[in-house]
C-alpha cells in the first residue's frame with residue numbers, strides 16, 4: 001500500500017512547534033551574543049594581552065572544547081556539575097553549553113582576524129600613547145571583525161544546529177518538539193520534514209540577521 005502523507009496531524013501541534021522554535025531562537029540569541037563576547041575576550045587574552053599565563057589558560061580552554069564533542073560537554077554540564085553542587089535547569093545547561101562551545105571557536109576565529117590586521121595599524125595606535133586595551137578596542141577589533149564576520153556567522157549557524165542535541169537533556173527546543181510530536185502521532189516523515197524546513201528557515205534568517213548586523217555594527221553601513 002502506498003504511503004499516505006498527512007501533515008494535518010502534524011500541524012495539530014503548532015503550539016508545541018512554536019514553543020520549540022521559540023526556545024531555539026532564545027538559545028541562539030542569548031547564547032550567540034554571550035558566546036561572541038567570550039570569543040572577543042578570549043581572542044584578546046590569547047593574542048593581545050601579553051600575559052603568558054592568561055594565554056596558556058585560554059589556549060587550554062580552546063583546545064579542550066574544540067577537541068571534545070558538544071554532546072559530551074552538554075552532559076558534563078548537566079549531569080556532571082551537580083556532583084560539585086552546581087545544579088542547572090535544562091535550559092540553563094543548554095545555554096551554558098552553547099556559550100562555552102561557541103566561545104572557544106569564536107576565540108580562534110577572531111584571533112585569526114586580529115593576526116590579519118597589519119602590524120602598522122597597531123604600532124600607529126601605540127604611538128598615540130594608547131594602552132594595549134585601547135589599541136585593541138579602537139584600532140584592531142573592528143578591522144579584525146570585518147575580516148572574519150562571514151566565518152563567525154557560519155559558526156553561529158553551526159552552533160544553532162548543534163542546539164538540536166539539547167533535546168537529550170529534555171530542553172524543549174525544536175528537535176525535542178519534533179520528537180514529542182512523532183511519539184504522539186507516529187508520522188515520522190511529516191514531522192521531521194517540517195522540522196527540517198523550520199531549521200532551514202531559521203538558518204537563512206540567522207545568516208541574514210548577521211549580515212545586517214555586520215553591515216551596521218562592523219562595517220559601518222547605516223543605510
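Structure above, values below:
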{"read-out": "Qualifying residue in the range 196-211 (condition: farther than 30 Å from residue 69 by Cβ, over 15 Å from the mean Cα position of the chain (by Cα), in a helix (DSSP H, G or I) and touching a residue at least 60 places away in the same chain (Cβ under 8 Å))", "value": "no"}
{"read-out": "Residue under evaluation residue 181, criteria (1) under 24 Å from the mean Cα position of the chain (by Cα); (2) surrounded by 15 or more Cβ atoms within 10 Å (Cβ to Cβ); (3) closer than 21 Å to residue 24 by Cα, criterion not met", "value": "(1)"}
{"read-out": "Selected residue (only one of 88, 54, 71, 84 is out of contact with any strand residue (DSSP E or B) (no Cβ under 8 Å at 6 or more places or on another chain), surrounded by fewer than 19 Cβ atoms within 10 Å (Cβ to Cβ), over 26 Å from residue 135 (Cα atoms) and modelled with pLDDT under 95)", "value": "84"}
{"read-out": "Subset of the range 169-184 (residues that are in a helix (DSSP H, G or I), more than 22 Å from residue 200 (Cβ to Cβ) and touching a residue at least 24 places away in the same chain (Cβ under 8 Å))", "value": "169, 184"}
{"read-out": "Filter result for residue 190 (surrounded by 15 or more Cβ atoms within 10 Å (Cβ to Cβ), touching a residue at least 60 places away in the same chain (Cβ under 8 Å) and part of a loop (DSSP other than H, G, I, E, B))", "value": "no"}
{"read-out": "Search result, residues across the range 5-27 that are buried (at least 20 other Cβ atoms within 10 Å of the Cβ) and without any contact (Cβ under 8 Å) to a residue 60 or more places away in the chain", "value": "none"}
{"read-out": "Verdict on residue 144 being modelled with pLDDT under 95, out of contact with any strand residue (DSSP E or B) (no Cβ under 9 Å at 6 or more places or on another chain) and assigned to a helix (DSSP H, G or I)", "value": "yes"}
{"read-out": "Failed condition for residue 20, given (1) touching a helix residue (DSSP H, G or I) at 6+ places or on another chain (Cβ under 8 Å); (2) on the phi > 0 side of the Ramachandran plot", "value": "(2)"}
{"read-out": "Only listed residue being surrounded by fewer than 18 Cβ atoms within 10 Å (Cβ to Cβ), under 30 Å from residue 143 (Cα atoms), modelled with pLDDT of 95 or more and over 17 Å from the mean Cα position of the chain (by Cα), chosen from 120, 60", "value": "60"}
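The values are calculated or read from the model by the stated rules, or taken from the named source; none is laboratory data. It should be emphasised that the depicted structure is a prediction, and the values quoted were computed from it without experimental measurement. Cβ atoms come from the backbone with ideal geometry, glycine included; neighbour counts cover every protein chain shown.
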